1. Go through 224-230, 46-52, 178-184 and give me the packing order, highest mean Cβ count within 10 Å leading.
2. Between 57, 114, 22, find the one with the highest GNM mean-square fluctuation for the chain; connect C-alpha pairs within less than 10 Å.
3. How do the peptides 97-109, 264-276 rank, highest first, by the average count of neighbouring beta carbon atoms within 10 Å per residue?
4. Tell me what the chain gives for mean residue ellipticity at 222 nm when only DSSP H runs of n ≥ 4 count, each as -39,500 (n - 2.57), the sum divided by the residue total, rounded to 500 deg cm²/dmol.
5. Does the range 167-324 come out rounded, prolate or oblate, given a ≥ b ≥ c as the square roots of the eigenvalues of its C-alpha gyration tensor, rounded meaning a/c under 1.5 and, failing that, prolate meaning a/b above b/c?
6. Measure out, as a whole number of angstrom, how far apart the alpha-carbon centroids of the range 229-252 and the range 130-165 sit.
7. Could you work out the pair-distance distribution P(r) of the range 204-289 from its alpha-carbon pairs, with 5 angstrom bin width and percents rounded to whole numbers?
8. Can you pull the semi-axes for the chain, root of five times each eigenvalue of the Cα gyration tensor, sorted largest first, whole Å?
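Any read-out appearing in this document is the output of simple, stated calculations on the displayed coordinates, not a laboratory observation. Worth saying up front: this structure is predicted, and the values here are computed from it rather than measured. Ideal geometry is used to build each Cβ from the backbone, glycine not excepted, and the neighbour counts take in all protein chains shown.
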């Protein structure tokens with residue numbers, strides 16, 4: 001009997017690939033276009049991607065896939081609706097990059113308020129501009145956390161340890177849950193109006209696309225700092241640019257952009273913008289963990305065993321076959 005076949009379309013750490021190879025036939029083909037994937041996808045039972053490969057309806061409808069695995073948290077690069085219609089399980093790895101993304105958020109927060117990248121560049125250019133880089137302390141500042149999932153909660157815990165006042169907004173988290181982490185829940189408008197620093201930790205969905213635009217910036221304090229290590233598109237980049245120019249926003253740190261790579265993005269020309277190339281999960285530990293986590297989920301799905309991180313609600317026969 002032929003082994004089921006798994007296509008790995010984006011780079012995956014060796015630890016995860018070795019797990020899958022023990023059970024199934026594995027092929028690694030990265031950098032494929034949509035047309036190239038459409039032409040070969042019918043040969044595979046499972047597809048594993050990261051954020052680079054877009055799994056479109058066209059790819060899905062030309063497949064015999066049983067499961068699509070996203071090695072990471074966000075699944076906005078996968079047409080989950082199309083997969084669900086065809087009875088294809090979509091699983092992700094929601095736990096593995098939590099600490100990596102949390103720590104990058106904190107690093108960017110310190111960099112913003114103390115002008116660390118700018119001061120580093122200045123001294124490397126042979127300058128000694130000690131008085132130019134007057135910073136702001138985080139102690140007793142109000143941090144507004146939008147999205148209190150795993151990453152948002154870890155950021156909040158560490159911010160409390162820095163002596164910050166932490167408030168949170170998440171329509172899916174109860175006040176009881178938030179209280180366990182000593183986070184005061186508030187509504188969206190109050191968070192915007194009272195936060196000194198705002199950090200975003202929500203998925204990109206129809207509801208969160210341009211969640212922060214001109215109207216929301218208008219509500220914020222003058223001199224607010226913004227951090228986005230979640231997904232590009234949650235902030236309206238044109239509105240952000242205009243509010244940075246007017247200095248309503250004192251500075252922002254972005255690990256994600258609406259278009260990646262962000263070619264000719266005017267935000268990158270501003271001195272009060274810190275940018276990184278979507279490295280939220282880029283630690284050795286997270287890369288190993290995400291590889292193992294998604295490998296285990298795909299293996300369980302193909303073997304008809306329970307999975308822990310299904311992101312689509314399947315029905316009828318397929319729902320009986322898997323524990324969701």
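1. The most tightly packed comes first, giving 224-230, 46-52, 178-184.
2. Its mean-square fluctuation being the largest, the pick is 22.
3. Numbers: 97-109: 21.8, 264-276: 15.2.
Ranked by mean Cβ neighbours within 10 Å, highest first: 97-109, 264-276.
4. Calculated at 222 nm, the ellipticity per residue is -10000 deg cm²/dmol.
5. Values: a/c = 2.34, a/b = 1.65, b/c = 1.42.
Note, shape of the range 167-324 comes out prolate.
6. Going from one Cα centre to the other spans 18 Å.
7. In order of increasing distance, the bins hold 3, 14, 25, 24, 18, 9, 4, 3, 0 percent.
8. Working from the Cα gyration tensor, I get semi-axes of 39, 22, 18 Å.
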